[in-house]
Structures are given as structure tokens and as C-alpha cells.
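Worksheet: the structure to be examined is printed underneath.
The values are calculated or read from the model by the stated rules, or taken from the named source; none is laboratory data. These figures come from a predicted structure and were not determined experimentally. We place every Cβ from the backbone using ideal geometry, glycine too, and count neighbours over all the protein chains shown. Protein only, heavy atoms only, side chains kept; ligands, DNA and RNA dropped before computing areas. Shrake-Rupley method; radii C 1.70, N 1.55, O 1.52, S 1.80 Å.
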Amino acid sequence: MLSTPEEKNKQPLLNQRRRMLLTIVIAALFLLSIILGGLLLDEGRITTNLTERNAPPSFDHLFGTDWLGRDMFARTIMGLSLSIGVGLLGATGSALIALVLGMAAASMGKIADRLISWIIDLFLSVPHLVTLILIAFTLGGGFKGIVVGLMLTHWPSLARVVRAEVLQVRSAEYVQMSKQMGKPRWWIALHHILPHISPQILIGFMLLFPHVILHEAAVTFLGLGLSPHEPAIGIILSESMKYLSSGMWWLAFFPGLCLLIVVRTFDQIGEYLRVMLDPTRAHE
Amino acid sequence: MQLDAKDVGFRYGNGEWLFRGVNFTINPGEIVGIVGPSGQGKTTFARILAGFENPIEGTVTLGGLPVKKKGYQPIQLVFQHPEKAINPRWKMQKSLREGWEPERALLEAFGIEQEWLTRWPNELSGGELQRFCVVRALGPETRFLIADEMTTMLDAITQAQIWHAVLEIAKKREMGVIVISHEAKLIERLCSRVVTLNKNE
Amino acid sequence: MSILEVKNLSVSFKQYTTGMKQKELQVISDLNVNLEAGKILAVVGASGSGKSLLAHAILGVLPSNAKISGSMTYAGEELTYSRKIALRGKEIALVPQSVNYLDPLMKVGKQVRTSVRSGDPARKQKEAFERYHLTQKVEELYPFQLSGGMARRTLLSTAVVSGAKVIIADEPTPGLDPAVMKEALRHFRELADSGCAVMLITHDIDSALSIADEIAVFYAGTTVEIAPVADFTGKGEALRHPYSKALWQALPQNEFIPLPGTQPHASSLPPGCLFEPRCPWATAACRKGRPDMRELREGTVRCIHAT
């Protein structure tokens, strides 16, 4: 940021901001098409078809077929769609919890702050995956178990960010001036503090997403998450593992690659949003 | 209504006393300077007078009564750095009208152009922002204005413009002004009385 | 002898206005300054007049959306971007405003030593500390343990040991009480007397007058006048430009008379002389175009009416 190649000043076709926005739009469209694809794809594509078992990738079956003759492309899209859905629920829940607890810690006095900070530390001291498995297991697994588990495990780091941001903005001179202008606490929270942290929440949410999806896939892969009747990406990967040694690489390769791409896409959107919403970098 | 500080003392936690036993009085319409070496708590004292901070000992009263805590404060404070005292995410008019609705004549008195109202704070210079901060603090209920190094970061012309406008209003409204500055020549020009804030006075 | 010369410097920023639209903002136009070895040039003017941007342009630290034109020469040679980077901190050093520019995790003695370019770092650092009355103990402190005055002297030491020939000080004194300010300013005078060229950026004419040789007055991104310090006296009769006169007369110890109006914004610069809308001398000729810098009585001025 500090160095400027003053010599190169040619005007590109799209300025930086337009490029970022375009990337975000394309990425969002890509994710949306996966979700829609998962909902609209013909169920017939994934029914057992024993005449076309273990086929390698071809134009007919882009990602090949599995040991039951099911089209892997359709399975992958449907699995990703389910995973994104689960991720959406999990990340939203986590972000909300982070917002509420972070705000509470920063504005409800010392005792609340200590208690909430202690809970945050407690959650952060144990790996996500372990708490997630415990919670999902306690709730009896399945869709509900995993979603609740994801919500309850991914908020602590974002809550800590929110708490720090709120503390910082609360001590800002313009917030103190607002009190001096006779504004009540709720008004200040609504007009000064919330707008200040909402970009953080949005970005935090976008960056939570890939985490949530990966963890869901991991837990499901371990057999502790969604049931085999709900073919999320984790299930597909876990089932495919058994066939890897028989040379059927496409079973794990394409779903794995797609998962990676989806996760990276979310990461990228979060990163670009961060740049675009950060006022100190606004003119880059 | 007189503003009175009696035996005011302040310290953070159990630390050393920043100052103790400070007595200070200012009458309506009076313009008083507070001077003293840096690090002696001039800014903290200003914050206590304005109600930002509660004194550890002593009292601050306005017309013999404790200053109200709710609503628009009768004692307003203007800081040194205007860019910190204005929400960077708000357009200027929202910040300007946060406490009250300033009339056009007042904006003109401070040289605030209509066109600035729709701008973001980062599009205005420090001198322009400070004009907004001063006007914001000059609501009809303001009895005393504390200027804590209010024009330290500004050029001489802007400084003179702002002070001329403030002095005129102080005269018209019988408003008291407390000037905190390290610039002896400015204090000398503005104030009828100067108070030195010393440690453990 | 001129060591750093800035000629007809213009800087513009490409900024996003609403949403995705960009426009160019001319923040510095046709600016001229000249730094000489052994001399202090004070740059004064309102905030937003381009004082800090000039420093940033010389050091090559403008943000990436900036565009530069005009010429800058250092020791007679063109100061290109790569040369700025090569010289920054070695031959051209910045004395910044605050302690925030020190590395918070490094002991200050070590920080000062890392700036030494030639000779024995430890010895040079000790000499500098002695010169600025920093005790041996200070070497082992971290920046957060320094008082404001100590931090300033540390920053100064960093510039001194680097052996820089040009020192740029950006608002080094605001909010200091008089005794400390006097000491800080004296240090800059000493640096100049030892052969450095010093550019002191400040909005405080009073302190600039006490140590500088020449004063450059900035207005709306350009130099309106460069005058010897001696001209700032009385009612400003010796000053050339109407803005310099107004600035001088607005000081609390002088008339304290404010000139009405405000400096124009980069987004709406007047077509002619930048000062014309506020100028008591303005005539139709002033609206015709930007006046050039011209020599006048030991100084330079950008005004067609100045005598």
C-alpha cells in the first residue's frame, strides 16, 4: 500500500472496484446455480443403474458413475447443494450468536464481559470438531443435530472480534459526543455501533461459511453427521474412500475438487467484501 | 447559572492522583483560560466539567445543582481532533443535526457551505470538520462551551474565523467559554481571566 | 546550494465518487519548492493545502491511486520512483509526528542502530542519544515506555544517525507546551547547521519563524509565496501575496482578523488564480488563468498584482 508505481498510469477497462464486484457477482451466481441445480436435478440420475456401474468420466457422465451406477455429477451437485444449505444455516446461526454475545460482552458491564469472555475462551480452547461431534451426538445426530452443532461451535472467534470492535467504537469520541447530545443508549447502539460492526459481521459470516461446510463434511465423513440417506458431500467422500484402492479415482476426486472450489469461492467473496467495505482501502 | 467545581480530585483506579482539591468557577458570558504544563490533567478536568467522567472526589454543580445526566448536555466540549469526533460513516448533515437543528444563519456564521452537508467526513479538511463540531455543540441549551485545544491543529485564518463566531455567540447568549490551550498568545487574546491547573493545588 | 528541487509538481487522485464511478481530483497543482543544504524551509498553510502530500510525494509514499506530474530532482539528478525508494531513510529521512512510527516490539536503542548506514552503529547511536540528552537507560526501553518528549528525540536520533542530507519533518510540534516545543525546534536548527536541508511542515507560523530561513506558504495545493523569514513582521507589509498577509494578520498576537471564506476543494478549483474568490485585490485578469511563480524582492510569489 505504501509503494506506488507512479509511472504506470494506464486506465484499465474495468477499475479495481468493478472487477471485484464482477467477481463477487460471478461467484454468487456460481454458488446459486449449484444450490438450484441440486434442487432441480432429476432424481432419476442418481437412482441405481446396474448396467452402468463404475464408468469413468465421459460426456454422458461428466464425473463418472459409482459402484451402483449413479451419476457422480448429479450426486456431487446435490451433495454440495445440501452442504451449502447446512453451511448457510450454521453460519447464520453462528453469526447471530456472535453478534448478540459480542455486543452483550462489550456493553453490559464487567460481570457479563468476564462471563462471556470465559465462555469464548473455553470454546476456543477445544478444537471445533470435538465440540461439534459432542453436540451433534448428544442431539442424536442427523440434520438437526449437525445444524445445531455447527451453530453452537463456530461463533467464538467472531464474537471476540465483535466484542473488540464494540469496545473500540464505544470509546470513540463521536460516540461520547452522541451521549453529550442527549442520545439514549439504544439509539447509540442502533445508529453508531451496529452500522460500525455490520461489515465485520457480514465478512465474518462469509469467512465462517467455508469453515462450517468443511466441518460438516468432516463430521459427516466420520459418520457422525448426516445420515447416508442425505447424501451430503461428506457422505459421498466417505463412501468413495472405500473404492479408491480399486483405481476408481473419479469417485473422490471430483466431489473433493468441487468442495474445494466452493470453499475457495466463499473465501474469495469474503476477502473482496473486506477490501470494498474497508474505508481505509476504499480507493484502491 | 454559575458552573462550579469544588475540591475536585481524579485518579485512575488506585494510581497516583492526577490532581486534587481543584476549585474552579465560571460565570455566564465569561471567557476563562485554563493553562498548565502538559500531562497535568487539563483534558481530564475538562472531561469532568462536561460530565464525560465522574470526579473521584468533589462535586461539579451548575447553578448550585448537580448537572443532569439525561438529554442534551448544557456543558459541551469540543476536542482537538475533529476527525475523531465525527462518525466516519455518516454524512455531515447527520452529524450536524445529531443533537439539535442548527439554523442557516448559524451555519453561515461559521462559514459552513450548504454543499458540505451532503459530503462524507473524509472529503472535508480538518478546519471544515471542526466548524461542524463547534456548531453541533452550540445548541440552544448550551450554557458553557469547553474548547480543549479546539484550534490547535488549524491554520491562523481558520482559527480566527472560528473564534470570532464563537465569541459573538457567547456574547449574544451569555454563554460561558472555557479555553484550554498551550498557546499563550491565543489565551491572552481571548480570555478575561486565566487559571493555572497545578498538580495537588 | 540546492539539493532537492521540486518543480511544477502536480498530484491528482483517482477516487470513487458514488458506487463504481471514478473521478480525478487535482490535490496539488504546479507546486515549487527548493531545499538547500544548511537551510530550513518551513511549509505553512491550512489543512488540505497539500503540505503533507508534498512530503509523501518526495518520499514516494503516495497511495496507489495517485498520479504525479512535474519534476523532482535530488542532487541534480531526476528523482524517479525507484530512486525515492533507494534514498528513503538513507539520504532523505522523515521525522514523523508521533511515537506510532516506532516499531513497538523493538528496543529503541536497537531501532536507532538499524538506521545507521555507515560507520559503527553502536557508537553513532550513543552519540546521537548523548546529543539529545537520552540516557543510557533509554536504549533498553520499548517505545510504549517513552514519554512524548523522549519519543520525539528518539525519532530525531533515527533521522540523525542515518546520515540523511534531507530531513522532512511533518508537523513535529502540535500540542506541545512552549518549553518542549522550543527544544524540539532547536534540534531542527542544529541539524540544519550541521549541513542538512530541512523541510519543516507546520501550520504554526509562529514556531516556524523562530527557526526557519525561508517560509513557503501553501494554498489549495500550490505555493503562493516563498519569502525570507524577515518579511514576516509588522502588519505584513513586506509580504508579497495577499494570502500570506491575511495569514499573518490572523495570528492572535497580530490583528486576529479572519479573512472570510474557505480554501477551495480539489473537486471545485476556480478556473483562474486559486485565491481569486477570496482575494481583496482580485480583478478580471485574475480569472483568466493561473499566474506563474515569479521573482520579487528576494522571494517568489504567484500573483499578478503583487509588488
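Odds and ends about this structure:
- Of the three principal axes defined by the Cα atoms of the protein assembly as shown, the extents in descending order read 104, 70, 61 Å.
- Taking Lys and Arg as +1 and Asp and Glu as -1, the other residues whose beta-carbon sits under 12 Å from that of B:ASN87 total +3.
- Under the criterion of Cα pairs below 8 Å and six or more residues apart, the relative contact order for chain B equals 32 percent.
- Across C:LYS7/C:LYS84; A:LYS179/B:LYS84; B:LYS69/B:LYS91; B:LYS42/B:LYS185, pairs whose alpha-carbon gap is larger than 20 Å: B:LYS69/B:LYS91
- Under conditions of 37 °C and 0.692 mPa s, the range A:100-199 yields 218 µm² s⁻¹ as its translational diffusion coefficient, taking Rh as the Kirkwood radius over Cα pairs in the Stokes-Einstein equation.
- Longest segment of chain B lacking trypsin sites (Lys or Arg not before Pro) that sit in a DSSP loop with at most 10 other Cβ atoms within 10 Å: B:71-201
- Remark: chain C projects, on average over all directions, an area of 17.4 nm² (convex hull of Cα atoms).
- Gaussian network model of chain A, springs between alpha carbon atoms under 10 Å - residue of A:LEU132, A:LEU167, A:LEU150 with greatest fluctuation: A:LEU167
- Taking A:PRO127, A:PRO156, A:PRO199 in turn, the Gaussian network model of chain A (Cα-Cα springs below 10 Å) assigns the largest fluctuation to A:PRO127.
- Part-to-part distance (alpha-carbon centres) for the range A:35-113 and the range A:235-279, which is given in Å: 11
- Shielding by partners - mean other protein chain Cβ count within 10 Å, residues of C:203-214: 2
- Residue among A:LEU222, A:LEU251, A:LEU101 with the largest mean-square fluctuation in a Gaussian network model of chain A, springs linking Cα atoms under 10 Å: A:LEU222
- Once exposed loop trypsin sites (Lys or Arg not before Pro) are cut out (DSSP; at most 15 other Cβ, 10 Å), longest piece of chain A: A:54-284
- Average other protein chain Cβ within 10 Å of Cβ, residues B:83-93: 4
- For the range B:23-177, the gyration tensor built on C-alpha atoms gives a prolate shape. Its axis ratio a/c (a ≥ b ≥ c) is at least 1.5, and a/b is the larger of a/b and b/c.
- The range A:79-151: relative contact order in percent, alpha carbon pairs under 8 Å with at least 6 residues between: 36
- Taking every DSSP beta bridge that has both ends in the range B:48-201, the antiparallel portion is near 20%.
- Summed over both chains, the accessible area lost when B and A associate is about 1700 Å², using a 1.4 Å probe.
- Mean-position separation - Cα centroids, the range B:128-195 and the range C:1-15, in angstrom: 36
- The mean count of C-beta atoms from other chains within 10 Å of the C-beta of residues in A:178-190, rounded to a whole number, is 4.
- Along chain C, counting only trypsin sites (Lys or Arg not before Pro) with a DSSP assignment other than H, G, I, E or B and at most 16 other Cβ atoms inside a 10 Å radius, the longest segment between sites is C:118-234.
- At q = 0.10, 0.13, 0.15 Å⁻¹, base-10 log of I(q)/I(0) for chain A (Debye sum, equal scatterers on each alpha carbon): -0.67, -0.97, -1.13
- Take the Cα of C:ASP103, go 7 Å toward its beta carbon, and the backbone nitrogen atoms of the range C:162-200 under 17 Å from that spot belong to C:162.
- The GluC sites (Glu not before Pro) of the range B:144-188 that DSSP puts in a loop, and whose beta carbon has at most 13 other beta carbons within 10 Å, are B:GLU174.
- For the range B:1-65 versus the range A:126-199, the gap between their alpha-carbon centres in whole angstrom: 38
- Convex hull volume per residue for the range A:126-177, taking Cα atoms only, in Å³: 79
- Calculated [θ] (222 nm, deg cm²/dmol) that DSSP helices of n ≥ 4 give over the protein assembly as shown, each run adding -39,500 (n - 2.57): -13000 deg cm²/dmol
- Rounded tilt (10° steps) of A:142-153 against the dominant C-alpha axis of chain A: 30
- Greater than 20 Å apart at Cα, pairs in C:LYS23/C:LYS288; C:LYS39/C:LYS182; C:LYS51/C:LYS288: C:LYS23/C:LYS288; C:LYS51/C:LYS288
- The range A:56-123: chymotrypsin sites (Phe, Trp or Tyr not before Pro) in DSSP loop, at most 12 other beta carbons within 10 Å: A:PHE59
- The angle between the Cα long axis of helix C:148-161 and the main principal axis of chain C comes to about 90°, on a 0 to 90 degree scale.
- Cα gyration tensor shape for the range C:249-307, rounded if a/c is under 1.5, else prolate or oblate: oblate
- Neighbours of C:THR262, meaning other residues whose beta-carbon lies under 15 angstrom from its beta-carbon, give a summed charge of -4 when Lys and Arg score +1 and Asp and Glu score -1.
- Cα pair distances of the range C:165-208 binned at 5 Å [whole percent]: 6, 22, 33, 25, 12, 3
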